[in-house]
Amino acid sequence: MDILKSLGHPEEIINLFKYKIGGCRSVMPKLDYDSMSETLRTCYAYLNQTSRSFAAVIQALDGELRHAVCIFYLVLRALDTVEDDMSIPLEKKVPLLQDFHTFLYQPEWSFSESREKDRQVLEDFPTISVEFRNLGQEYRDVISDICHRMGVGMAEFLEKKVSSMKEWDKYCHYVAGLVGIGLSRLFSASQLEDTEVGRDTELANSMGLFLQKTNIIRDYLEDQQEGRAFWPQEAWSQFASRLEDFARPQHLSSALSCLNLLVTDALHHVPDVIAYLSRLCNQSVFNFCAIPQVMAIATLSACYNNPQVFQGVVKIRKGQAVTLMMQATNMGAVQSIIAQYSQEILQKVSGADPSREKTLRILSLIREKSLSPAALSSRAHHISPVYVSAAMLLAALSWQYLNATSASENFVHIKDRFN
């Protein structure tokens, strides 16, 4: 039960109830589906079916940007479905990936040979492509360009493993950094954000790399079980002869050393994340960008030096996710959240960890970028023990009532990749 997991965190309990009774609408307003065309409604249905992470924040974007990002997501989801499908032979998959951007202008093109769970976006690609062609030229150019570059990059990595740390960055650029770059260009094209947001590809790339590396780190065991390997050999070969050895109890110490090395590498993107978010002006764009990033650093904190990465699934609490979603709506709050989870990681750094000095240096830099009197005061909460006890009792009783009288709603958690 979600409420029980948050008993030691009264702020989470309060936010769970706010979310449950509709507080999420302040961040994630409801869409007017009645005014949409049938094909566009179908696209939003596919968005909700295929994205556990981004559907809600996409639908909260302002104006025509919402539709552009929805279609962008579905096009890349279709591309990603081709890449992930191990049943498609390489001789067919490579040209599919490389030419996928051309299918956007072929009204009848679809693909019915996939066995992946999200295959409907390929089987009904004409519905997606017609809405792509309904977008303004400024949006179509961005989506087609990113789709082309991503398809070429995915094809490059089909037949080679991620060996060096540089190749890890390159792979993450293709499958996530390009997403950050494309989104930034869409933000600027919509005129909701300054043109500089779309021009600064370095910061936009870092936004994507931070999310992708977090997912790769957290998903070690799942990827191993499904025959995939995304941890770079340059990192894991320092601690084991085979990547799969980390799942064995006798290799736990080495596994944790490698894990902490990769978390430290991912943390190097956080200063860029702070710089990028500080440039944003539109509230819906800020929420869209900030919420996944704060959930990513919370996830990294949960993963750091955690044996559970190699034994099961590491997830942040639902109450924690809802709290982050509801609070990460201004720069001061985001800086304070980042400082909070950076401090949590700092407290777990072992004196014997091989990456200790590098970890401490990047955490110090993040602290410098994220801590300020204004940021701290924006999230300062002083709750009396009596209030906490009363709130927890009320929460426990009310939660039972709410669960009995209403269906649970979806919430945003950083689980699947936006690639």
Original post:
Taking only the alpha-carbon positions of the range 185-229 and ignoring solvent, what does the Debye formula give for the base-10 log of I(q)/I(0) at q = 0.14, 0.26, 0.27, 0.30 Å⁻¹?
Top reply: -0.50, -0.84, -0.88, -0.97
Subject >> Most to least packed among 90-98, 297-305, 350-358 [average Cβ atoms within 10 Å] >> reply: 297-305, 90-98, 350-358
Subject >> Virtual paramagnetic centre 7 Å along Cα→Cβ of Gln238, amide N under 13 Å, in the range 342-370 >> reply: 353-360
Subject >> Cβ charges +1 (Lys, Arg) and -1 (Asp, Glu), total dipole of the range 37-179, debye >> reply: 300 debye
Subject >> Percent accessible area from carbon and sulfur atoms, the range 207-304, protein chains only, probe 1.4 Å >> reply: 48 percent
Subject >> Options Thr299, Ser253, Gln238, ranked by Cα towards positive dipole end of the range 233-313, top entry (Cβ charges) >> reply: Thr299
Original post:
If you roll a 1.4 Å probe over the range 72-194 with all protein chains in place, what percent of the accessible area is carbon or sulfur?
Top reply: 47 percent
**OP:** At 0.36 nm per residue, minus the direct Cα-Cα distance, what do Lys358 and Thr201 gain on full extension? Give it in nm, one decimal, please.
**Re:** 54.0 nm
Original post:
Using the beta-carbon distance between Ala247 and Cys281 and R0 = 41 Å, what value does 1/(1 + (r/R0)^6) give for FRET efficiency, to the nearest 0.05?
Top reply: 0.35
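At a Förster radius of 30 Å, what calculated FRET efficiency corresponds to the Cβ-Cβ distance of Asp194 and Asp223, to the nearest 0.05?
Between Asp194 and Asp223 the formula returns 0.20.
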Original post:
For labels at Glu159 and Ser112 in the simple 7 Å Cα→Cβ model, what's the distance in nm?
Top reply: 3.1 nm
**OP:** Using Cα positions and a limit of under 19 Å, work out the aspartates and glutamates in reach of Lys117, with same-chain residues fewer than 8 apart set aside.
**Re:** Asp80, Glu83, Asp84, Asp85, Asp219, Glu222, Asp223, Glu226, Asp416
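Averaged per residue, what accessible surface does the range 207-246 expose to a 1.4 Å probe, in Å²?
37 Å²
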**OP:** State, to one decimal in nm, how far the label point of Leu346 lies from the label point of Thr329, with both points 7 Å from Cα in the Cβ direction.
**Re:** 2.9 nm
Original post:
Using a 1.4 Å probe, what is the accessible area per residue for the range 82-137, in Å²?
Top reply: 51 Å²
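The values are calculated or read from the model by the stated rules, or taken from the named source; none is laboratory data. This is a predicted model, so every value here is computed, not measured. In this analysis, Cβ positions are derived from the backbone assuming ideal geometry, glycine residues included, and neighbour counts consider all displayed protein chains. Ligands, DNA and RNA are excluded from the accessible area calculation, which covers all protein heavy atoms including side chains. Shrake-Rupley method; radii C 1.70, N 1.55, O 1.52, S 1.80 Å.
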